[in-house]
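Structure below; questions to follow.
The values are calculated or read from the model by the stated rules, or taken from the named source; none is laboratory data. Predicted model only: the values in this text are computed from it and were never measured. Methodologically, a virtual Cβ is constructed for each residue, glycine included, from the backbone with ideal geometry; neighbour enumeration extends over all protein chains shown. The accessibility values were calculated without ligands, DNA or RNA, using every heavy atom of the protein model including side chains. Shrake-Rupley method; radii C 1.70, N 1.55, O 1.52, S 1.80 Å.
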Amino acid sequence: MLLFRRPSTPFGGTDLQARLKEIAPDRVLITGWATDLCVDATVRSAVTNHHHVVVVTDCHTVSDRPHLDAVSVIRHHHWIWSGLITQRSVTLAAANELLL
């Protein structure tokens, strides 16, 4: 029996790390849906793979959860990401700050 399993991280089972190594960006901008799942996994995976990260604060979202509304989930993750202890930087910036 063959089972398909989605990678547990954005870098698992994909060529993302190889492509980023080729491109050699000075930072990786992260956006997306499911702040508390996909976006969080991407932030953590990127720093684990030695990338400087910019979380675009107004370009990720989530639905309300049973225990927290979406705004609270997002605010909590911004707080968590701003305090991650890593050898790479994690910066939070709004889209308009990045367009300057």
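Could you please give the count of residues in the stretch 26-40 that are open to solvent by less than 10 Å² (accessible area, probe 1.4 Å) and either more than 12 Å from the chain's Cα centre (by Cα) or under 23 Å from residue 96 (Cβ atoms) (or both)?
Number satisfying all stated conditions: 3.
Same structure, new question: Test residue 43 against the stated conditions and say whether it is part of a helix (DSSP H, G or I), surrounded by 16 or more Cβ atoms within 10 Å (Cβ to Cβ), in contact with a Gly (Cβ under 7 Å, 6 or more places away or on another chain) and of a type outside the set (Asp, Glu).
So residue 43 does not fit the description; no.
OK, next. More than 17 Å from residue 11 (Cβ to Cβ), assigned to a strand (DSSP E or B) and either of a type outside the set (Gly, Ala, Ser) or at pLDDT below 95 (or both): does that describe residue 31?
no
Each row is one residue, and each column tells you yes or no for (1) among the polar types (S, T, N, Q); (2) touching a Leu at 6+ places or on another chain (Cβ under 9 Å); (3) farther than 21 Å from residue 11 by Cβ; (4) modelled with pLDDT of 95 or more.
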{"residue": "41", "(1), (2), (3), (4)": "no, no, no, no"}
{"residue": "47", "(1), (2), (3), (4)": "no, yes, no, no"}
{"residue": "56", "(1), (2), (3), (4)": "no, yes, no, yes"}
{"residue": "65", "(1), (2), (3), (4)": "no, no, yes, no"}
{"residue": "71", "(1), (2), (3), (4)": "no, no, yes, yes"}
{"residue": "75", "(1), (2), (3), (4)": "no, no, yes, yes"}
{"residue": "87", "(1), (2), (3), (4)": "yes, no, no, no"}
{"residue": "94", "(1), (2), (3), (4)": "no, no, yes, yes"}
{"residue": "98", "(1), (2), (3), (4)": "no, yes, yes, no"}
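A further question follows. Scanning the stretch 53-95 for residues that are part of a strand (DSSP E or B) and not β-branched (Val, Ile, Thr), which turns out surrounded by the fewest Cβ atoms within 10 Å (Cβ to Cβ)?
Per the stated criteria, the residue is 58.
For the list (1) touching a Leu at 6+ places or on another chain (Cβ under 7 Å); (2) open to solvent by less than 40 Å² (accessible area, probe 1.4 Å), I need the number of the one condition that residue 11 fails.
(1)
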